[in-house]
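Notes to accompany the following structure.
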Amino acid sequence: MAKYLVIVESPAKAKTINKFLGSNYHVVASNGHVRDLPKSQLGIDIENDFEPRYITIRGKGDILAMLRKEVKKADKVYLATDPDREGEAISWHLAQALKLEGKQIHRITFNEITKTAVKNSIKEAREIDMDLVDAQQARRMLDRMVGYKISPVLWVKVKRGLSAGRVQSVALRIICDREKEIDSFIPEEYWSLDVLLDVKGEKKPLTAKFYGKEKEKMEIRSKAELDKILSGLENQPYKITNIKNGERTKKPPLPFTTSTLQQEASKLLNFSTQKTMRIAQQLYEGIDIKGNGTVGLITYLRTDSTRISEEADESVRKYIGQVYGDEFVIGKMKDSKKNGKIQDAHEAIRPSNSEMSPTKVKESLSRDQFRLYQLIWSRFVASRMADAVYGTTNVKINCNGYIFTVTASKIKFEGFLAVYKHAEDKADTNLLLKKLSEDSELSFNEFESKQHFTQPPAHFTEAALVKTLEELGIGRPSTYAPTITTIIARRYVAKENKNLYVTELGEVVNQIMRDAFSSIVDVSFTANLEYLLDKVEEGAVNYKTVIRNFYPDLDEAVQKAEKELEEVKIADEVSDVVCEQCGRNMVIKYGPHGKFLACPGFPECKNTKTYFEKIGVACPKCGKEIVIRKTQKGRKYYGCEDNPECDFMTWQKPSGKLCPKCGNALLIKGQKLVCADIACGYREDRVKEDNE
Ligand SMILES: [Zn+2]
Ligand SMILES: [Zn+2]
Ligand SMILES: [Zn+2]
């Protein structure tokens, strides 16, 4: 009997596949990559046309020895790593390390780990696709060159152990830019005005919102403007001028890509991108389902395609028809949008079998697995369901030329909302509207007015960052989660609640990157590199060309930065804090949490202290010095040096001047000074000081 060896990357996947293949197949796992660039050196031979030098990853020797033994016993070897660039590269490295020669290599891929898909893949075995491998090699080498060449610059300038990454540095820059935008945001005042009207014969009053004049919407920007409108409304009658009934539809969502799955799981389940990917990987590789054995529950999780296979499309339509009724099935599919990207050979993330409803598998899944599976399942089913239809009512009320409106909506036909409904889809029913007619008699009850201020742009969350990275074209399904995980692990960014904040260290690193390596942190430069990698995958561009064009500029920037850093040869800044153990003046150093004080007597004296940098501004509450402080997670704020005795704190830098109107601190916001008390509203132009 012939003997076949199948190599995959993970034991869980091996277990699932093993079940589908006959007894002459033996499935083993490589536990991920077996070869990589060496850790101790660049590993790319610049002199020799950028040839990469791969070595066996430390600790993988035993696995390789085991695999070699298995290869010897086998008549055929199938490489069944994941169906993307990285998976192709793992297969290639395996083939190299195991010295598999031409004919012996049978590369198989499947988008879902089901019996049919795995069996079919064996029939369609092919050679290794070197275009895919090269795209992955190019990414690895670009990242390596950036990390390896730039990191030492950071060591000289800031501290040892720091590292720069290619995509991470752009992500950090994007977050820094947003924080700057938030810091310089100046809130604008506006008012809302509601009128409560009694309707003859009804107990509850009707609430209508101020709109403006008949012909134009009006914003109320101050109390004075509000008072003017109120005086125009005084003792005037209210009359319904128009009741409009209409309809609006809401389209079902597309099935998940990696990016949209990460965003929704963050919003609805509060999962980090890393957690989402970890659990999705488990669902993809296979879970022991009672009565079914090990089953791969979802299709491959790294994809930017929203395409659905014909078989899956047909079977889910059938399912929807049976469970919800035929009117819930979406009309025959509009040609799903081709985005021109190569990964469109892939499919969206969907259940491998739509009949495996979440309730059927619930008892075999952990809570998190269940919640993510339910999300993927319902999103997929919803994507093949009809539009939701809302009935809308819009009432216009006139009072002395001013217009107030009341709107309401209710669901007429649920459509896809029957399986995929979230807070924002809820209709705002207003039963009172049904009873209104243009003859209804209205009488004034009271006004409700409220002062508001426009809000600055929101801080980035993981979900928002993934969305932005995708929109800017500087991420790929395999990179979103690692990019975010890395900038948090390096403490360049702190995550508090769901928000991402730049740390002091992140600010310093970002500044150096912008000054010395502006192209590396340039969004369009990075997007273009990603585009070139796509071209390599298509076979249109040679990967060495990308590397050859990239390296010289990087090398030049590094040499220039080294020289300039040499010139300013930064000595440790001496503080006025005296070491109480040895009497030396302590110096300011950078640590993982930002600046700290260390005794220059090290190693004899190991004294260190928290460092609070003074900003040369007096506390508006007590007159002591304002210092830069950090929250536990690393977010920067300004507080009094006398904390906790004095509780003054602000996120924005205080200017040292006090508000002439109310005496509060004036904060620096871009080109303006703004009163810390938003309700006071005082602001003035900022006179730049010489040292800025
Ligand atoms: Zn000391
Ligand atoms: Zn104070
Ligand atoms: Zn003020």
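The values are calculated or read from the model by the stated rules, or taken from the named source; none is laboratory data. What you see is a predicted model, and the numbers here were worked out from it, not measured in a lab. Cβ: placed from backbone, ideal geometry, glycine included. Neighbour counts: every protein chain shown. Side chains included, ligands, DNA and RNA excluded: accessible areas come from the protein's heavy atoms. Shrake-Rupley method; radii C 1.70, N 1.55, O 1.52, S 1.80 Å.
Based on what the data block shows, is Leu673 of a type outside the set (Phe, Trp, Tyr), surrounded by 13 or more Cβ atoms within 10 Å (Cβ to Cβ) and away from ligand 3 (no atom under 16 Å from the Cβ)? It is false that Leu673 is of a type outside the set (Phe, Trp, Tyr), surrounded by 13 or more Cβ atoms within 10 Å (Cβ to Cβ) and away from ligand 3 (no atom under 16 Å from the Cβ).
Can you find a residue in the stretch 419-434 that is assigned by TED's automatic domain parsing to the domain that holds Thr207, modelled with pLDDT of 85 or more and either more than 30 Å from Val389 (Cβ to Cβ) or open to solvent by 70 Å² or more (accessible area, probe 1.4 Å) (or both)? Yes, the stretch 419-434 has at least one match. Only one of the numbered conditions (1) touching a Cys at 6+ places or on another chain (Cβ under 7 Å); (2) open to solvent by 70 Å² or more (accessible area, probe 1.4 Å); (3) within 16 Å of ligand 3 (Cβ to nearest atom) is not met by Leu658, and that is (1). Would you say Leu5 is touching a Leu at 6+ places or on another chain (Cβ under 8 Å) and either surrounded by fewer than 19 Cβ atoms within 10 Å (Cβ to Cβ) or more than 30 Å from Lys544 (Cα to Cα) (or both)? Against the criterion (touching a Leu at 6+ places or on another chain (Cβ under 8 Å) and either surrounded by fewer than 19 Cβ atoms within 10 Å (Cβ to Cβ) or more than 30 Å from Lys544 (Cα to Cα) (or both)), Leu5 does not qualify. The set of residues in the stretch 242-259 being in contact with a strand residue (DSSP E or B) (Cβ under 9 Å, 6 or more places away or on another chain), crowded, with 21+ Cβ neighbours inside 10 Å and not aromatic (Phe, Trp, Tyr) consists of Pro255, Thr257, Thr258.
Restricting the stretch 593-624 to residues that are open to solvent by 50 Å² or more (accessible area, probe 1.4 Å) and in contact with a Gly (Cβ under 8 Å, 6 or more places away or on another chain), the residue that is nearest to ligand 2 (Cβ to nearest atom) is Ala618. Set side by side, the residues Glu181, Glu225, Glu214 differ, and just one is under 30 Å from Gly506 (Cβ atoms) and in contact (Cβ under 8 Å) with a residue 12 or more places away in the chain, which is Glu181.
Here is a yes/no grid of residues against (1) closer than 25 Å to Asn643 by Cα; (2) aromatic (Phe, Trp, Tyr); (3) assigned by TED's automatic domain parsing to the domain that holds Ala676:
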{"residue": "Ala540", "(1), (2), (3)": "no, no, no"}
{"residue": "Asp555", "(1), (2), (3)": "no, no, no"}
{"residue": "Lys563", "(1), (2), (3)": "no, no, no"}
{"residue": "Gly583", "(1), (2), (3)": "no, no, yes"}
{"residue": "Ile588", "(1), (2), (3)": "yes, no, yes"}
{"residue": "Cys599", "(1), (2), (3)": "yes, no, yes"}
{"residue": "Cys619", "(1), (2), (3)": "yes, no, yes"}
